[in-house]
Amino acid sequence: MAAEPPFSVRRLDQVVLRCARFEQTLAFYQEVLGCPLERSVEHIGLYQLRAGEALIDLIPLGSELGGDAAPDISLRNLEHFCLRVELEDWSHLRNHLQQHDVEWMEPQRRYGADGFGMSVYIQDPEGNTVELKTGDDT
């Protein structure tokens, strides 16, 4: 029998994304998803955006952290990540995304860390799929 780890996981702290289209991706997370830039360490290529209690780190290719090779979409092992959102009206979200030329599909009921809720999938400029999920079925 395996030993129990000497720690307990409390929450996801950060997601780190390498970016071939850094400027567009930074604008997407700031303007479309409302994640403010909290910290940047430009000399190594680290840009940290606040997403609720977690961070989304963007690392541009060509930087010290990002390296030079572009991410190969066929080799990615991240299917998507989910941001839990507070939302009063899905039509407001649809209009906001349309203003930024972000495609979306109609909300569907899905299960996540807070139980069932309605969610949509969108893609960032790097091709990463981001799920936006409410905590209830409305």
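Read-outs throughout are calculated quantities, based only on the coordinates presented, and are distinct from any laboratory measurement. In this text, all values refer to a predicted model and were calculated from it rather than measured experimentally. Virtual Cβ from ideal backbone geometry, glycine too; neighbours counted across all protein chains shown.
Could you check region 49-125 for strands (runs of 3 or more DSSP E) lying wholly inside it with 3 or more residues that are in contact with a Phe, Trp or Tyr (Cβ under 7 Å, 6 or more places away or on another chain)? Steps first, answer last, please.
Details: elements: 54-60, 81-84, 108-112, 115-123.
Those strands (runs of 3 or more DSSP E) span 54-60.
Which one of these is surrounded by 15 or more Cβ atoms within 10 Å (Cβ to Cβ), of a type in the set (Ser, Thr, Tyr) and either touching a residue at least 12 places away in the same chain (Cβ under 8 Å) or under 26 Å from GLY135 (Cβ atoms) (or both): TYR111, TYR47?
Only one candidate passes the filter, namely TYR47.
Considering only region 1-39, how many residues are within 18 Å of PRO60 (Cβ to Cβ) and in a helix (DSSP H, G or I)?
Selection size over region 1-39: 10.
So how many residues does region 84-108 have that are surrounded by fewer than 11 Cβ atoms within 10 Å (Cβ to Cβ), free of Cβ contacts under 8 Å to residues at least 12 places away in the same chain and under 27 Å from ALA20 (Cβ atoms)?
Number of matching residues: 2.
For PHE28, state whether it is surrounded by fewer than 16 Cβ atoms within 10 Å (Cβ to Cβ), in contact (Cβ under 8 Å) with a residue 24 or more places away in the chain, on the phi < 0 side of the Ramachandran plot and not polar (S, T, N, Q).
Taking the combined requirement at face value, the residue does not satisfy it.
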